[in-house]
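Novice: Could you have a look at this structure, given as structure tokens, before my questions?
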Amino acid sequence: MDRLGSRCPLPGSPRLAVLTCLLLLTVSLLTYPMLRTLSLQLHSAVTGSYVSGTYSIVFVNCPNEHIARDIARTILDKKLAASVNILPKASSLSFWNGEIEEASEIMLLIKTKTSKVHMLSSYVRSVHPFEIPEVFSLLMDQGDVHYLKWLKESMEEP
């Protein structure tokens, strides 16, 4: 009988304490990304330093220069980006509908705020002639302070 009693959890405090600790741990893990982002933004605002990942470079392939220029101009007009580089023809090989396709494409390098990548991608998908346009982004880790300041100012609404 003594042995059976030692296996059963004690009612009250220890069990409640364990549940409370588990709840706090769960809440901490779930809110960590948000708290980290807010603390980095606060640090950036106070010190004037750049927070890695605030800006992104978005890559978009277009079938020709005319379409590339139209997309680039509209992106800039809509303040979805601060700058777009239109790179000359590139040969592309891809696996599409069970076959390897080869094409010449024009690549756009779009510099924007990471927070605008989703809107920019949605716009590109709505106007791009490809069934599935190639749109992906990479976070900017570091950059010249003056350039990053210009990026920010270029995308601000008047």
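Novice: Any idea how many Lys pairs in the chain come in under 14 angstrom at the alpha carbon, given 8 or more places apart or on separate chains?
Specialist: 12
Novice: From the helices alone, meaning DSSP H stretches of at least four residues, give me the mean residue ellipticity at 222 nm for the chain, per-run term -39500 (n - 2.57), in deg cm²/dmol to the nearest 500.
Specialist: Helices in the chain give a 222 nm mean residue ellipticity of -15500 deg cm²/dmol.
Novice: Compute the angle between helix 65-77 and the longest alpha-carbon principal axis of the chain, please, reported from 0 to 90 degrees and rounded to the nearest 10.
Specialist: Helix 65-77 sits at roughly 60 degrees to that axis.
Novice: Quick one: compute the contact order of the chain, relative version, from alpha carbon pairs under 8 angstrom and 6+ residues apart, as a percent.
Specialist: RCO, the chain: 28 percent.
Novice: Express the accessible area of the chain per residue in Å², computed with a 1.4 Å probe while the remaining protein chains stay in the model.
Specialist: 73
Novice: Round to a whole number: what % of the accessible area of segment 80-144 belongs to carbon and sulfur, probe 1.4 Å?
Specialist: 54
Novice: Restricting to DSSP loop positions (anything but H, G, I, E, B) with no more than 13 other Cβ atoms inside 10 Å of their own Cβ, which trypsin sites (Lys or Arg not before Pro) remain in segment 69-106?
Specialist: K78
Novice: Let me ask something else about it. Which net charge results when you count Lys and Arg as +1 and Asp and Glu as -1 among the other residues whose beta-carbon is under 11 Å from that of V51?
Specialist: 0
Novice: While we're looking at this one, here's another question. Please arrange M119, M140 by accessible surface area, largest first, computed with a 1.4 Å probe and ligands excluded.
Specialist: M119, M140
Novice: May I pose another question? With springs only between Cα atoms under 10 Å, which of L139, L30, L22 fluctuates most in a Gaussian network model of the chain?
Specialist: L22
Novice: Same structure again: Only loop residues by DSSP count here, and only those with at most 12 other Cβ atoms within 10 Å; note down the GluC sites (Glu not before Pro) in segment 71-157 that meet that.
Specialist: Filter output for segment 71-157: E131, E156.
Novice: Can I ask one more? How charged is the neighbourhood of S92? Take every other residue with its Cβ under 11 Å from the Cβ of S92, and add Lys/Arg as +1 and Asp/Glu as -1.
Specialist: Net charge around S92: -3.
The values are calculated or read from the model by the stated rules, or taken from the named source; none is laboratory data. Remember, predicted model here, so these are calculated numbers, not experimental data. Cβ sites come from the backbone with ideal geometry, for glycine too, and all protein chains shown count toward neighbours. Ligands, DNA and RNA are excluded from the accessible area calculation, which covers all protein heavy atoms including side chains. Shrake-Rupley method; radii C 1.70, N 1.55, O 1.52, S 1.80 Å.
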